[in-house]
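Only the coordinates and a few stated rules stand behind these numbers; no lab work does. What you see is a predicted model, and the numbers here were worked out from it, not measured in a lab. With ideal geometry, Cβ positions are generated from the backbone for all residues, glycine too; neighbour counts draw on all protein chains shown.
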Amino acid sequence: MFCFLALGITGVVVLALSLIFDGVLDGLFDGVGAMEGLLSLPVLAGFTSMLGFSGALVLGATDLGAGAASAVGVCAGGLAGWGTWRFSRALMSGGSAAVPRGDDMVGVTGSVVTPVPADGYGEVLLSVAGQPVKLSARSATPLGRDTEVWVDASLSPTSVSVRPVKR
């Protein structure tokens, strides 16, 4: 039973170390497994700890021998490792929202942060999808700091044409 408990504790320690030293040993097993992340530290830690703890549970709670405890431990460890692998893949593959592009800015309001001279560039701060975006801006009329503006055209990926909001 001591060996099974030692495996379980070792798995928990490896998991704690992989969380504390995040990324230090990343890539250690790259290319070994057919599926990416299959031999990552969290997966190995989950497998080892479930193997140990479920084996110790079977050995201590039943009259079955070490062979049966090992078989149950390997099955439980395999399920824990597979679950950890699937969960980590789902977390890693979660994409982010699309980045706002040129035409997405048209119609957005914002404020001037760097004065915009007539026929020159200044800077405006826009709120796009709840995120602040700072862009270069041109205007037909000079605009002072904190002037509320409306984007009427996209000039490039990093610059827009604005006009003051009429109140």
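Here is the figure for the range 102-112: residues that are assigned to a strand (DSSP E or B) and loosely packed, with under 15 Cβ neighbours inside 10 Å total 1. In the range 140-156, of all residues being touching a residue at least 40 places away in the same chain (Cβ under 8 Å) and not acidic (D, E), the one that is surrounded by the most Cβ atoms within 10 Å (Cβ to Cβ) corresponds to V149.
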